[in-house]
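What follows is a short report on a single structure.
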Amino acid sequence: MPEYYKYLLTYTMVMVQFFFIAPISTINADEGIGKYYVRYDVKSSKNRIKNDNLLMVPAENDFRAEKFYRISTSGVISATPGESKTSIEKRIRENSLKTILANKGLKSVKTKDYDTVISYEGIIIPPLIILKNTYHEDQNKHFYEVQIEFCPIAFPDKWKTLNIKHKIKQIFYDFFQLLK
């Protein structure tokens, strides 16, 4: 096969992939932030949990996510007298994110002397939907079920490949934005 036809065939296959397999969608200003990087750190010292921290920041250009899927989780939080509905929903959201990250997120462990930090990482697409929130007076607890789009962070050995894919998609996206 002549060199020109090989080049043309390669170019055509790449363009078909971007037009039909992975369509490009534009983001409007009123849509808000599409993805959030979420990390849950649990710090322990001498085999006792000292504190935990939930971090959530915008992650629009984070390339470390491969495939999102809808995930559900359920749990229980204790109720406090006179607590507002918004405060309860906030605690439900935080607790459910911690549960999802601990069960499905990328886990990493850092140790120094007797201190250990276990980190769970992932990316979410809001909103976090509270499907069920029921209060049981006899137990003084809220039982809940939530659902969200989630993707654990890919292992570091895949980051280079995912970064190249992300850059190629960004180049084509920028090119098509010029044509609009």
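The values are calculated or read from the model by the stated rules, or taken from the named source; none is laboratory data. Everything numeric here is computed off the predicted structure, so don't read it as measured data. Glycine also receives a Cβ, built like all others from the backbone with ideal geometry; neighbour counts cover every protein chain displayed. For accessibility, only protein heavy atoms count, side chains too; no ligands or nucleic acids. Shrake-Rupley method; radii C 1.70, N 1.55, O 1.52, S 1.80 Å.
Structure above, values below:
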| read-out | value |
| --- | --- |
| Long-range amide H partners of E66 with built H, under 5 Å | A154 |
| Per-residue ³J(HN,Hα) for segment 91-103, Karplus 6.51 cos²θ - 1.76 cosθ + 1.60, θ = phi - 60°, Hz, x for Gly and Pro | 5, 5, 4, 5, 5, 5, 4, 4, 5, 4, 5, 5, 8 |
| Partner aspartates and glutamates for K67 [C-alpha distance under 19 Å; skip if fewer than 8 residues away on the same chain] | E121, E149, D157 |
| Radius 13 Å from Cβ of K141, net charge of other residues (Lys, Arg +1; Asp, Glu -1) | -2 |
| Share of carbon and sulfur in the accessible heavy-atom surface of segment 126-178 [1.4 Å probe, %] | 59 percent |
| Theoretical gain in end-to-end length, Q139 to L178 [0.36 nm per residue, Cα-Cα removed] | 8.0 nm |
| Residue-normalised accessible area of segment 36-158, expressed per residue, 1.4 Å probe, Å² | 63 Å² |
| Part-to-part distance (alpha-carbon centres) for segment 81-144 and segment 154-174, which is given in Å | 30 Å |
| Segment 36-158 shape via C-alpha gyration tensor axes, a/c threshold 1.5 | oblate |
| Segment K160-A102, extension gain: residue separation times 0.36 nm, minus the distance between their alpha carbons | 18.4 nm |
| Listed residue pairs exceeding 29 Å between alpha carbons, taken from K50/K165; K35/K110; K132/K169 | K50/K165; K132/K169 |
| Karplus 3J(HN,Hα) series, Hz, for segment 69-83 with 6.51 cos²θ - 1.76 cosθ + 1.60 (x for Gly, Pro) | 9, 7, 10, 10, 8, 9, x, 9, 10, 7, 9, 10, x, x, 6 |
